[in-house]
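The values are calculated or read from the model by the stated rules, or taken from the named source; none is laboratory data. Since this is a predicted model, take the numbers as computed values, not measurements. Here the Cβ positions follow ideal geometry from the backbone for every residue, glycine too, while neighbour counts run over all protein chains shown. What goes into the accessible areas is simple: the full protein's heavy atoms, side chains included, and nothing from ligands, DNA or RNA. Shrake-Rupley method; radii C 1.70, N 1.55, O 1.52, S 1.80 Å.
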Amino acid sequence: MTNRMWGGRFSAGPDEIMTEINASIDFDKRFAAQDIAGSLAHCDMLAATGIITDADAAEIRQGLSTIQTEIDRGTFTFSRALEDIHMNIEARLAELIGPAAGRLHTARSRNDQVATDFRLYVRDVLDTFDAQVKDLQLALVGKAEAHADTIMPGFTHLQSAQPVTFGHHCLAYVEMFARDRARLADARGRLNQSPLGAAALAGTSFPIDREMTAKALGFDGPARNSLDAVSDRDFVLETLAAASICATHLSRLAEELVIWCTAQFGFVRLSDKFSTGSSIMPQKRNPDAAELVRAKVGRILGALNALIVVMKGLPLTYSKDMQEDKEPAFDAFDSLSLALAAMTGMVSDLEPQKETMHAAASSGFATATDLADWLVRALGLPFREAHHITGSIVALAEENACALDQLSLAQMQSVHASISDDVFSVLSVENSVASRTCFGGTAPDNVRAQVKFWQNALRD
Ligand code: ARG
């Protein structure tokens, strides 16, 4: 059988392999709701501009509503022979209402239809991401509030560097996720233009009202150039780029959770809800969810890569290559959504192990910088010299296998005679973090102020 939708000039139907490679219905059925919304807007506009009669429009609306119900109930039969969601819906409409169905496609093409559907779909995805990232931020702010003065080692090179607070560490991620949300919002702003009415590529000679359909679909306005409207997918690329960066942030946090919940670190305990056991080693509690979140960036970035390569070098306007824009993007969207949900669950449930973190912060001479700063402040030494002297004191402590504040004053003075008893006031980790009061520093009071800032900023 030749195709009902475009088979006029064909005498033979497609080869089986042709149907296999050509059909997108298996994945673009996700666009059903968007496709129906687009058709309703188009139908209303066709009636309002007198291009179709009100009677035909009423039948079309009725038919589309029946189709929506069938899809919602799972009784709609999707057919590969009808290629894609657009033709599946239109064919069903014809079955339901007869000839009036054929008028819906006036002044429209699948090219502007698919571009519209995908934009509407990605817009919903962006809104979902925004809400999900915000939930994660709230979970992190909650931990920051509870642990504004919980001390842990801060790391550079994964070597103990200076003491920080767990709350400060959580808020670092809140900042990253805020930038992710800004990137997503930015993509949404550029995405929100309606391709509908660009038709196949050149626009249409019918007196359509593109402002009307744009408004009905919640777009800011119609896309200005019909060729661009049907042929670009940069709104997907931007979303995938922002999603990849967000997934990168998630993977860093996930990696920290993996490290922190090892027996060797023991900084946090992940809840049973997000851990698994081993079938052979009874002692194991594996952070599988964190590991999977860590890995998801692979396929999300993979989707970005795939679509960039598909779009690269494509001549204007629509080419069937662009049907390959959907599957990797859908997979990436689902993956990020799942990763965000899992991370939010893990963060909400995790229990920081205060004593272990404190002990770790106190080891590794983490207050050496505080000692050097004291030498600058109290003795007026240049920082470089203070750094050198501190190095010698650290070496001394290492020789004696003790912490900096366990050295005697006499031992300190053996390195620099002017060191006084006052030095001990800066060597505790509590003192170290409390002293970092510069804007953006880790002092508990700062963390509490930042928690307030975020609680406010994240209030709706
Ligand atoms: N299924 C197609 C896609 O996803 C819809 C557009 C088809 N347009 C065409 N001229 N064949 O890209």
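Annotations
- Shown for region 28-85: the carbon plus sulfur share of the solvent-accessible area, taken with all protein chains present and a 1.4 angstrom probe, equals 49%.
- Other residues lying with their Cβ under 14 Å from the Cβ of ALA366 contribute a combined charge of -4, Lys and Arg counting +1, Asp and Glu -1.
- Between GLN411 and LEU458, the modelled labels are 4.4 nm apart [label points 7 Å from Cα along Cα→Cβ].
- The chain - mean residue ellipticity at 222 nm from DSSP helices (-39,500 (n - 2.57) per run, n ≥ 4, rounded to 500): -20000 deg cm²/dmol
- Electrostatic bookkeeping for ASP26 treats Lys and Arg as +1 and Asp and Glu as -1; over the other residues with beta carbon under 14 Å from its beta carbon, the sum is -3.
- Ordered by solvent-accessible area of protein heavy atoms (1.4 Å probe), largest first, the residues VAL236, VAL394 come out as VAL394, VAL236.
- Debye intensity ratio I(q)/I(0), log10, region 105-144, q values 0.21, 0.29, 0.32 Å⁻¹ (C-alpha model): -0.68, -0.87, -0.94
- Protein accessible area in region 319-460, 1.4 Å probe - carbon and sulfur %: 53 percent
- Solvent-accessible surface of region 243-359, averaged per residue with a 1.4 angstrom probe and all protein chains in place: 49 square angstrom.
- The chain: radius of gyration and largest Cα-Cα distance (Dmax), Å: 30.6, 101
- Binning the C-alpha pair distances of region 39-106 at 10 Å intervals from 0 yields a P(r) profile of 23, 53, 22, 2 %, listed from the shortest bin outward.
- Expressed in Å, the radius of gyration and Dmax of the Cα atoms of region 331-460 are 20.4, 66.
- Counting only Cα atoms, region 1-55 measures 42, 29, 13 Å along its principal axes, largest extent leading.
- Taking a Cβ cut-off of under 13 Å around ASP405, the surrounding Lys, Arg, Asp and Glu residues balance to a net charge of -4, with basic ones at +1 and acidic ones at -1.
- Tilt relative to the chain, helix 368-379 - C-alpha long axis, 0 to 90 degrees, to 10: 60 degrees
- Greater than 19 Å apart at Cα, pairs in LYS134/LYS452; LYS143/LYS452; LYS143/LYS354; LYS143/LYS296; LYS284/LYS354: LYS143/LYS296; LYS284/LYS354
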